[in-house]
Amino acid sequence: MLAYIVRRLLYAIPILIGVNLLTFALFFVVNTPDDMARMQLGVKRVTPEAIQKWKAERGYDKPLLWNSQAPGAGALTDTIFFDKSARMFVGDFGRAEDGRDIALEIKGRMLPSLAVQLPNFILGLFVTIIFALTLAFFRATAFDFWGVVLCVVMMSISSLFYIIGGQYLVSKVWRLVPISGFGEGLDAWRFLVLPVVVGVISGIGSSTRLYRTIFLEEVGKDYIRTARAKGLPETVVFLRHLLRNALIPILTGVVVVIPSLFMGALITESFFGIPGLGSYTIDAIKAQDFAVVRSMVFIGAVLYIIGLILTDISYSIADPRIRLK
Amino acid sequence: MPFQIVILWSDVLVWLLVAACLGFGFVITRTEHLLAAWRRVGKSRIGMAAATVLMVFGVIGLLDSLHYRLRLEGEADKPTVYSIEVLSVLDTVASPVRTRNEKTYSAPFATRLYAKETIDLPGGGQTRGYPRLKYGGAHLGGDEARLPADVARKAAMGFVLAVLTWCGMAALVTMGVGKREGVGRSEAWRRIWQGETHFSWNALLMTAGGLMALILPLLSLAGYYHVFGTDKVGQDVLYQVLKSVRTGLIIGLVTTLVMLPVAVLMGIVAGYFRGWVDDLIQYIYTVLSSIPGVLLIAAAVLMMQVVIDTHPEWFATAAERADLRLLALCFILGITSWTSLCRLLRGETLKLRELEYIQAAQAFGVSSWRIILRHILPNLMHIVVITLVMDFSGLVLAEAVLSYIDIGVDPNTISFGTMINNARLELGREPVVWWSLAAAFAAMLMLVLAANLFADVVRDAFDPRAV
């Protein structure tokens, strides 16, 4: 098991290098730092001096990959690639446009993101699995049919509608919770209720349908018939036998997102004013803060790869027949 | 010529797509097993109902994909000058709702503006009040109390027209079915409504009837009122909804179209040749899929904006710039979404290449590319079709979200996303300005719901496992 994890971690390195190279190409080769300077400074104030100053302030005035003027190893290290891209591997993300350290900012914003995402994730999983189990239990009845119809309608509604509608109804008309914002400590729950509920509701449609399909595939199998033949009540068949066996396909989609919960949900956080990583990213996109977007892309990839490894490990926990070698 | 035809790049792709569909349709009619699958789609009542709705959206989108520039009025001996404004056929058809702009917000069917203003009285002096709209209900004159009766009368006229059109349509279908199945008209009518025809005419007729009963009254009113209200700059919301359709369709369809060749080629090559080619392609798609989609899109769109902003000389008109931005968005969405299709195709090819008929072909010395083209590709087409229809709704929804974060379409392009983005802050007003949002969400729900239902039917018909 340990050997497997180590090997998977080693596999991750070339992929992260690939991600790194891709973002480097996207941010520095497709558009030169000069283009970015022109964009940031606006059309009017662009003079060659202003561009030079902008680049020097951000360390973009070095060569891209090879510095022929620097002595010795400096030819490789005194470059934009080394400064801006390679250093991300050790957690050094540089500074944002407002001069703050990105790594520090990320650390501070992880918790608010997690405070929304974790309850959302757990509650969402719980609700959708229960709902899907109920639909599978009443399969081929009118309840099942209308349940599926409801799911299809719900997944056809834009996520923006759930957020805007939820804010309007709960916060503006009913005045139950604040419309947006975030508080310190335990006081934060008032701000968290609405985003979590909205997040759970907007996820019900597609996940329930997926899980229902998975459950129905299992229902037809022999071990279920055996369990029924033993005289087990249907609820026990469902909760003990079916759920356990349907876990593998469900885990595939679920575990992989757990590390990414730190990243937050972009739209939700920005609508509800939660100072997490999602709103950080959106603010950076709107302000065209390239350094922050670049860092978030890299972190997102790292978390995703961790998620993949966790998925494999969770398989072997859920199903002892699966051995990781 | 009184106008000059303008061919935007997205128009080219849209019509290419139509041509491809026609070509595909021609192939289907000559291939028995494909025909059987599509017959299953045709038999499904939900499928045909959804297809009818999609067809209406499709017609709107296609009308909006024929662009031209009008010639400006000038003296005969001067060289002809064309207007800078690029119009589409839809703009011309919908010119009553396009041109009759009010000053600012007004509610659906309103005759007065939403906000109070200072009005100059005719006999001198001023008063605070809701100013009369320039166009909305203008035919009523001073007699605004007549409004409900007038709306009801016009809606009823539209409804009668819808009923008449529907009767004509039903008669035509009955005659066609009767002729085809060699039975009398009353028998054909019975078969249609008992669901005994091979094609779900009953679902099609019902949906078409419902749509016409909805659309024709709306159209007969749209010439006199702002049926969905007007937005901040006084533009008719109905017009914006109509224009959004094309943007949504392009994002949903062209994205899949542009990523298809890459995904199919890479997937098949990786699965068929294996070895280092497989390793390389797997590496590429693992790297791409390990970056969270939104972030990759955000990064790419940011870079695209820089390119567009630093090269204003590339675009002759604003429409062209908005159009290229839309296409670039399609490409970027395509880059992030081809990986899953590629992975699916690779897996399927791995399975197919071990089958006897492929090995027989190899033993006969058929070249690899010929095997891929003749034996593997046709057997993967069902996956491609399923992906095309399944991805559509997700992409339409994604456009709205991306436009909200400013990384979607050009702000001047009318789309569901920009409509929602412009209108969402107005919910804070008192009284609430709800009509823009409601219209955008309702139209989007209709499109996406129809697409989802249709996709399910197509998947069930094509998926060999689902029988």
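Numerical summary
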| read-out | value |
| --- | --- |
| Quarter of Cα convex hull surface for the range A:59-213, i.e. mean projection, nm² | 14.4 |
| Computed lengthening from B:K134 to B:C21, 0.36 nm per intervening residue step minus Cα-Cα distance | 36.2 nm |
| Filtered chymotrypsin sites (Phe, Trp or Tyr not before Pro), the range A:105-213: DSSP coil and at most 16 other beta carbons within 10 Å | A:F138, A:W174 |
| GluC sites (Glu not before Pro) lying in DSSP loop within the range B:290-354, provided at most 12 other Cβ fall within 10 Å | B:E354 |
| Partner chain coverage, peptide A:148-158 - average Cβ within 10 angstrom | 5 |
| Taking the range A:102-324 and dividing mean pair separation by its residue count, relative contact order in percent (alpha carbons under 8 Å, at least six apart) | 28 |
| Degrees between helix A:102-137 axis and first principal axis of chain A (Cα, 0 to 90, nearest 10) | 20 |
| Residue among A:V90, A:F182, B:Y68 farthest towards the positive dipole end of the protein assembly as shown, charges placed on Cβ | A:F182 |
| Cα-based reach from B:K232 at 22 Å (exclusive), listing lysines while leaving out same-chain residues under 8 positions away | A:K172, B:K103, B:K116, B:K134, B:K243 |
| Rounded Å value of the spacing that divides the Cα centres of the range B:110-171 and the range B:225-274 | 34 |
| Residue exposure sequence - B:T413, B:T230 - by fewest surrounding Cβ within 10 Å | B:T413, B:T230 |
| Lys, Arg +1 and Asp, Glu -1 on Cβ, resulting dipole of the protein assembly as shown about Cα centre, debye, nearest 20 | 1840 |
| Helix B:377-404 vs. chain B, principal-axis angle (Cα, 0 to 90°, nearest 10) | 30 |
| Whether the range A:102-324 is rounded, prolate or oblate, judged on the alpha carbon gyration tensor where a/c under 1.5 counts as rounded | oblate |
| Cα gyration tensor category, rounded, prolate or oblate, for the range A:136-192 with a/c compared to 1.5 | prolate |
| Hull volume in cubic angstrom per residue (convex hull over the Cα atoms of the range A:2-90) | 112 |
| Length-normalised contact order for chain B - Cα pairs under 8 Å, 6+ apart - percent | 20 |
| Qualifying trypsin sites (Lys or Arg not before Pro) for the range A:136-212 [loop in DSSP, other Cβ within 10 Å: at most 16] | A:R139, A:R175 |
| Under the Karplus curve 6.51 cos²θ - 1.76 cosθ + 1.60, θ = phi - 60°, whole-Hz ³J(HN,Hα) for the range B:253-262, x wherever Gly or Pro sits | 9, 5, 4, 5, 4, 6, 8, 4, x, 5 |
| Footprinting exposure proxy for B:E430, B:E181 (fewest neighbouring C-beta atoms within 10 Å first) | B:E430, B:E181 |
| Hits among lysines - C-alpha to C-alpha of A:K55 under 21 Å, sequence gap 8 or more where chains match | A:K44, A:K84, A:K286 |
| Shape category assigned to the protein assembly as shown from the gyration tensor of Cα positions, a/c cut at 1.5 | rounded |
| Cα-centred dipole magnitude for the range A:102-324, charges only on beta-carbon of K, R (+1) and D, E (-1), debye, nearest 20 | 500 |
| Average Cα contact separation per residue, the range A:2-90, under 8 Å, 6 or more apart, as relative contact order % | 22 |
| Rg over Rh, two decimals, the range B:404-457 (C-alpha only, Kirkwood Rh) | 1.08 |
| Most fluctuating residue given options A:I305, A:I13, A:I248, as computed from a GNM of chain A linking Cα atoms under 10 Å | A:I13 |
| Model label zone, B:S340; criterion: amide N under 12 Å from point 7 Å along Cα-to-beta-carbon; scope the range B:276-304 | B:293 |
| Between 0 and 90°, nearest 10: helix B:435-462 axis offset from chain B longest Cα axis | 20 |
| Hull volume in cubic angstrom per residue (convex hull over the Cα atoms of chain B) | 221 |
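Readers should treat all values here as calculations from the given coordinates under stated rules, not as data from a laboratory. Owing to the predicted nature of the structure, the values given are computational and were not obtained by experimental measurement. Note that we place each Cβ from the backbone using ideal geometry, even for glycine, and neighbour counts take in every protein chain shown.
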